[in-house]
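Report on one structure; see the data block that follows.
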Amino acid sequence: MIPRLPIAPNGPSFSKLIYGTWRILDDADTANSADLLKRFHKCLELGITTLDTAEIYGLYKVEEFIGETLKKEPGLRDKFEIVTKCGIYVPCDYHPDRKTAFYNADAARIVKSTEKSLRLMGIDHIDLLLVHRPDWLTSADETAAGLNKLLKEGKIRAAGVSNYNVHQFELLNSRMAQPLVTNQVEFSLLHMDPIYDGTGDQCQRLGIKPMAWSPLGKGALMDKTQSASSRIHAKCAELSAKYGDATVDQLAYAWIMAHPSQPLPIIGTNRIDRLVATAKSADIKLDREDWYALWTAAKGHGIP
Ligand SMILES: NC(=O)c1ccc[n+]([C@@H]2O[C@H](COP(=O)([O-])OP(=O)(O)OC[C@H]3O[C@@H](n4cnc5c(N)ncnc54)[C@H](OP(=O)(O)O)[C@@H]3O)[C@@H](O)[C@H]2O)c1
């Protein structure tokens, strides 16, 4: 069973692996409520109790799809923690008025988007709201005002950010009535920025856990034709037997979770078999040398 961990001091507890919904409308075979319901049940069976979504996913259609699916089974929503994000606005069928994609994290927009997310998902609170990307045109006071209002009204239980650098995080956090509980960032063997850019260190200092998006590099890590991936596959083949015949994706997840900031990876598959296989990664504890061997394989050179 996947364990649950507090994501921050006085923050909510989330499952160590999270189910991501970015792609749930992408595949015609699985983009239906019956299939998603099966995945939700499998998640619960495995101990994956946290769902990650966003206003913009599926060009603003994923939250509604989640809502339709949750409504099929009374009580199902209460078995999950729901994380959603707001702040990215792109031209699309829903918004023919928009000519350019933009970010907006002003207070009124955050409140309006959150109320829309609650309505579309048919729920009365969001467990964690994230500002999806830093909006360069909005002050931290303004963004914090929106988040603080939603926290006070109980519409969101916790607030956090995604894709913020350490300075942007520190600034917004300084304006919050209740501290930010996470920074959701891209982190994988193919994208290691959080271990160099201060994100992992900041999370440790504050005692919060980052959420790791695209843990398989948007699927690129499974594509052996790419040079970094082919080196990682070769190293994983050497290590597999030592870790109970672990597969490349399982070792890649274990590599992320071994970082001392204790990142919570977000699973992106639409396939139940892959969901089940991924869950096994939570039990793999990589040895120091093997963690560095995977780093070395990914980079194509040794440590400096
Ligand atoms: N905050 C942000 O800015 C942000 C940005 C991007 C994503 N996210 C979150 O992170 C979640 C995960 O991101 P992601 O979907 O990019 O994750 P990912 O795991 O890096 O990539 C998922 C892709 O890899 C494929 N895949 C998974 N396992 C595979 C395997 N064993 N062999 C071959 N292909 C495999 C999946 O296809 P199948 O479905 O066929 O398995 C899917 O197309 C999203 O759902 C979303 O919740 C957040």
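What to note about this one:
- Rounded to the nearest 20 debye, the dipole magnitude of the range 219-286 is 80 debye, with +1 charges on Lys and Arg beta carbons, -1 on Asp and Glu beta carbons, and the Cα centre as origin.
- Sum of -39500 (n - 2.57) over DSSP H runs of 4+, divided by residues of the chain (222 nm, nearest 500): -11500 deg cm²/dmol
- Comparing Ala228, Ala101, Ala158 in a Gaussian network model of the chain, where Cα atoms under 10 Å apart are tied by springs, the biggest mean-square fluctuation is seen for Ala101.
- Distance between the C-alpha centres of the range 226-298 and the range 152-198: 24 Å, rounded to the whole angstrom.
- Remark: the Asn148-Leu5 segment gains 49.1 nm on full extension, using 0.36 nm per residue and subtracting the alpha carbon distance.
- Relative contact order computed over the chain (Cα-Cα under 8 Å; 6+ residues apart), in percent: 17
- Residue of Tyr19, Tyr60, Tyr94 that the Gaussian network model of the chain assigns the largest fluctuation, springs spanning Cα pairs under 10 Å: Tyr94
- Residue among Thr247, Leu216, Thr182 farthest towards the positive dipole end of the range 145-290, charges placed on Cβ: Thr182
- Computed accessible area, Trp295, all protein chains, 1.4 angstrom probe, square angstrom: 20
- With respect to the chain, whose longest principal axis is taken over its alpha-carbon atoms, helix 107-121 is tilted by about 70°.
- Model label points for Leu137 and Lys71, set 7 angstrom from Cα along the Cα-to-Cβ axis, are 3.4 nm apart.
- Most to least accessible of Met1, Met222, Met211 (protein chains only, probe 1.4 Å): Met1, Met222, Met211
- Cβ charges +1 (Lys, Arg) and -1 (Asp, Glu), total dipole of the range 85-220, debye: 320
- Stretch gain in nm, segment Val90-Ala34, where the contour uses 0.36 nm per residue and the Cα spacing is subtracted: 17.2 nm
- Lysines with Cα under 19 Å of Lys61, excluding same-chain neighbours fewer than 8 positions away: Lys71, Lys72, Lys85, Lys112, Lys116
- When Rg and Dmax are taken over the Cα atoms of the range 1-151, they come to 15.8, 47 Å.
- The chain - charge dipole about Cα centre, Lys and Arg +1 at Cβ, Asp and Glu -1, debye rounded to 20: 220
- The chain: most fluctuating residue of Gly75, Gly200, Gly67 per GNM, C-alpha cutoff 10 Å: Gly75
- Unsatisfied cross-links (Cα-Cα over 31 Å) in the set Lys99/Lys209; Lys155/Lys209; Lys42/Lys149; Lys42/Lys155; Lys149/Lys209: Lys99/Lys209; Lys42/Lys149
The values are calculated or read from the model by the stated rules, or taken from the named source; none is laboratory data. All values derive from a computational prediction rather than experimental measurement. Cβ: placed from backbone, ideal geometry, glycine included. Neighbour counts: every protein chain shown. We work out accessible area using only protein heavy atoms, side chains counted, and drop any ligands, DNA or RNA first. Shrake-Rupley method; radii C 1.70, N 1.55, O 1.52, S 1.80 Å.
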